[in-house]
1. How much area per residue is accessible in the chain when the probe is 1.4 Å and only protein heavy atoms are counted (Å²)?
2. Contour minus end-to-end for residue 70 and residue 12, with contour as 0.36 nm per residue of separation and end-to-end as the Cα-Cα distance?
3. Across 10 Å bins from 0, what is the distribution of all Cα-Cα pair distances for segment 77-190, in whole percents?
4. How about segment 145-198: which GluC sites (Glu not before Pro) there lie in a loop by DSSP and see at most 14 other Cβ atoms within 10 Å?
5. Only helical DSSP H runs with n ≥ 4 go in: add -39500 (n - 2.57) per run for the chain, normalise by residue count and round the 222 nm mean residue ellipticity to 500 deg cm²/dmol.
6. State which stretch of the chain is the longest one without any exposed trypsin sites (Lys or Arg not before Pro), exposure meaning a DSSP loop state and at most 12 other Cβ atoms within 10 Å.
7. Would you please give the residues with an amide H less than 5 Å from that of residue 186, counting only those at least 5 places away or on a separate chain, with H modeled from the backbone geometry?
8. Plugging the Kirkwood radius over Cα pairs into Stokes-Einstein for the chain, at a temperature of 20 °C and a viscosity of 1.002 mPa s, what D comes out in µm²/s?
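The values are calculated or read from the model by the stated rules, or taken from the named source; none is laboratory data. What you see is a predicted model; the values in this text were computed from it and never measured. FYI the Cβ positions are ideal-geometry reconstructions off the backbone, even for glycines, and counts take in every protein chain you see. Note: areas computed on protein heavy atoms with side chains; ligands, DNA, RNA excluded. Shrake-Rupley method; radii C 1.70, N 1.55, O 1.52, S 1.80 Å.
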Amino acid sequence: MDFFLYAIEKILISTAGALHRLRILLRAQKKIAEKSLKLDLGSGGTKKKGFIGIDAILGPGVDIEHNLEDGIPFADNSVSEIYSSHFLEHIPHRNVKFVLQECSRVLLPGGNITIEVPNLKESLQKFLKMDERTRWENGWEQIFGNQKRQFEYHKTGFTKGRLKELLAKTGFERITLSLSKHGPVSSLRAKAQKINEV
């Protein structure tokens, strides 16, 4: 009896997952047709309103469970806007350029991207000013991530110069950088547009 109930449970879970993916796909296709598809990359539980949330960990703000290190699961020139807050630092250092190239690939020409990441320079300066006890009680999390689950490790860092250079090399222009706060973490916010191809 237990095996029979287990089999039914697996079928129901599989069916629910397939229906969810189909619903998201239909919603996305409608938005693509309207040229209003917006993606929140690494959305976690705080998806931006009006955006489709993509994250490797399924949660309340996640519409599509997908590891973005494998690319963005949308067609070329199909997305009008991309937003990403405190996600890019969780990508391995050598893969960041690929993820930004994927952003450029899926964005419509002239499409907008907004990225927020921890300000590594300020985080390191703050860390070095802390007393030894504070550094290792909670200060380290601002640099290395909270490490509570698989995808919650920081694998790279960003300064203004690095972020601007990466965006310029991956097909973006009109790049502006500003400072912001994300809780106690000093952050960088970059806004840019995909180069409007002639």
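1. On a per-residue basis, the chain sits at 58 Å².
2. 18.1 nm
3. 14, 44, 30, 10, 2
4. Sparse-neighbourhood loop GluC sites (Glu not before Pro): 152, 197.
5. Taken over the chain, the calculation gives -11000 deg cm²/dmol.
6. 50-147
7. Counting only residues 5 or more places away or on other chains, the set is 119.
8. Reported coefficient: 118 µm²/s.
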